[in-house]
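The values are calculated or read from the model by the stated rules, or taken from the named source; none is laboratory data. Every value quoted in this text rests on a predicted model; they were computed, and no experiment measured them. Positions of Cβ are generated from backbone atoms using ideal geometry, with glycine treated the same way; all protein chains shown enter the neighbour counts.
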Amino acid sequence: MTDRTAVKAALASQRIELPSWAFGNSGTRFKVFAQAGVPRDPFEKIADAAQVHRYTGVAPTVSLHIPWDLVDDYHKLASHAESLGVRIGVINSNTFQDNDYMLGSVTHADPAVRRKAVDHLFACVDVMDATGSPDLKLWFADGTNYPGQDDFRARQDRLAESLSKVYDRLGDGQRMLLEYKLFEPAFYHTDVPDWGTSFAHCVALGEKAKVVVDTGHHAPGTNIEFIVAMLLRAGKLGAFDFNSRFYADDDLMVGSADPFQLFRIMHEVVRGGGLSASSGVNFMLDQCHNIEPKIPAQIRSVMNVQEATAKALLVDWPALSAAQQAGDVLGANAVLMDAYNTDVRPLLVELRQEQGLDPDPMAAYARTDYATKIVNERVGGHQAGWGA
Ligand SMILES: [Mn+2]
């Protein structure tokens with residue numbers, strides 16, 4: 001697509017979902033550096049997320065995490081979001097912060113622990129019902145640390161049974177998104193370590209089950225764009241958890257460590273029709289901001305996704321296809337690199353101006369007194385953070 005108007009239209013329709021936990025204190029296992037002005041409850045997290053949408057225009061939904069975002073009245077939280085121009089997005093479950101889950105949650109050998117985990121997932125679906133959220137996101141910390149510790153096959157059977165119970169609880173228009181992760185917190189084996197395992201469970205469950213690709217959850221050197229192409233081809237790509245990594249699951253800002261990889265991923269998304277709303281692919285951020293200010297970090301992340309998407313949309317498909325058909329190795333690669341090497345910032349400035357947005361979202365936010373205001377107002381109470 002090299003028609004600028006069509007590229008801008010595609011960019012204008014793109015939606016990027018923000019994680020509520022990115023606005024609270026979070027960081028590494030060694031130290032979480034608390035920041036002044038951090039939200040003290042889910043209402044304040046949503047207010048901060050609304051700032052990101054206000055200056056980027058493409059981030060109108062916020063993922064919640066249960067129980068970190070527990071409130072008494074989810075209808076009230078959803079109305080609060082709407083009053084700020086945003087909506088509740090995916091509901092993320094948590095079966096990894098309870099002592100009972102030390103040896104697993106939905107795969108645990110003890111049926112009582114499995115029941116507790118499944119009951120939590122049912123409660124997450126209740127939150128979806130109350131907020132209008134379309135998706136339940138599942139990531140399981142389940143795994144083992146030592147060979148022989150537990151039986152792989154029995155754990156897969158328990159996983160399948162638990163997933164099936166939750167799947168059956170989903171209503172019309174609700175989906176289950178199953179995330180995989182190579183390792184950590186378990187170090188020997190993980191029960192959903194890769195896209196193949198997630199895919200196999202999703203296929204067995206049915207149409208409402210889709211795979212989540214968290215870009216930080218792979219071994220170094222993994223060709224993530226190939227996984228994206230395969231999942232889109234099979235109609236099983238449900239969502240991204242975007243972030244960047246240099247080493248393991250670093251949760252740095254998307255596009256910061258390897259913008260070329262993000263471009264290659266977005267190229268496969270465009271190729272596979274994943275950018276259209278009808279594809280159902282949710283472009284979520286899953287990041288932690290330990291040393292950088294959180295709202296600007298989210299704005300920068302959204303802009304990084306937009307830039308990678310713009311470059312992917314600029315690929316000259318007729319030229320690429322012709323070179324591929326002709327076996328022109330260097331020519332085909334050159335077509336892709338031409339798109340990647342295009343400075344798309346002027347195009348995005350043009351788009352934002354057409355949308356009535358400030359051409360520079362980072363500067364527009366920095367000019368406001370919002371950061372000062374939240375530091376002054378959010379005094380007392382407990383800052384939100386992992387487990388809060
Ligand atoms: Mn994730």
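P134 meets each of the listed conditions (1) within 16 Å of the ligand (Cβ to nearest atom); (2) under 28 Å from S278 (Cβ atoms) apart from (1). Can you spot a residue in the range 265-274 that is more than 30 Å from G37 (Cβ to Cβ), at pLDDT 95 or above, in contact with a Gly (Cβ under 9 Å, 6 or more places away or on another chain) and of a type in the set (D, E)? Yes, the range 265-274 has at least one match. Among the residues of the range 274-289, count how many are more than 16 Å from the ligand (Cβ to nearest atom) and crowded, with 18+ Cβ neighbours inside 10 Å. The total comes to 2. For the range 204-254, filtering for residues that are aromatic (F, W, Y) and within 12 Å of the ligand (Cβ to nearest atom) leaves 2. The residues in the range 335-360 that are surrounded by fewer than 18 Cβ atoms within 10 Å (Cβ to Cβ), of a type in the set (A, V, I, L, M, F, W, C) and more than 18 Å from V302 (Cβ to Cβ) can be counted, and the count is 1.
Within the range 159-196, being of a type in the set (V, I, T) and away from the ligand (no atom under 16 Å from the Cβ) holds for one residue alone: V166.
Within the group V166, V192, which residue is surrounded by 21 or more Cβ atoms within 10 Å (Cβ to Cβ), of a type in the set (V, I, T) and in a loop (DSSP other than H, G, I, E, B)?
Only one candidate passes the filter, namely V192.
Here's the yes/no breakdown for (1) in contact (Cβ under 8 Å) with a residue 40 or more places away in the chain; (2) under 25 Å from L285 (Cβ atoms); (3) not aromatic (F, W, Y):
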| site | (1), (2), (3) |
| --- | --- |
| G148 | no, no, yes |
| D151 | no, no, yes |
| E184 | yes, yes, yes |
| V212 | yes, yes, yes |
| T215 | yes, yes, yes |
| N223 | no, yes, yes |
| I227 | no, yes, yes |
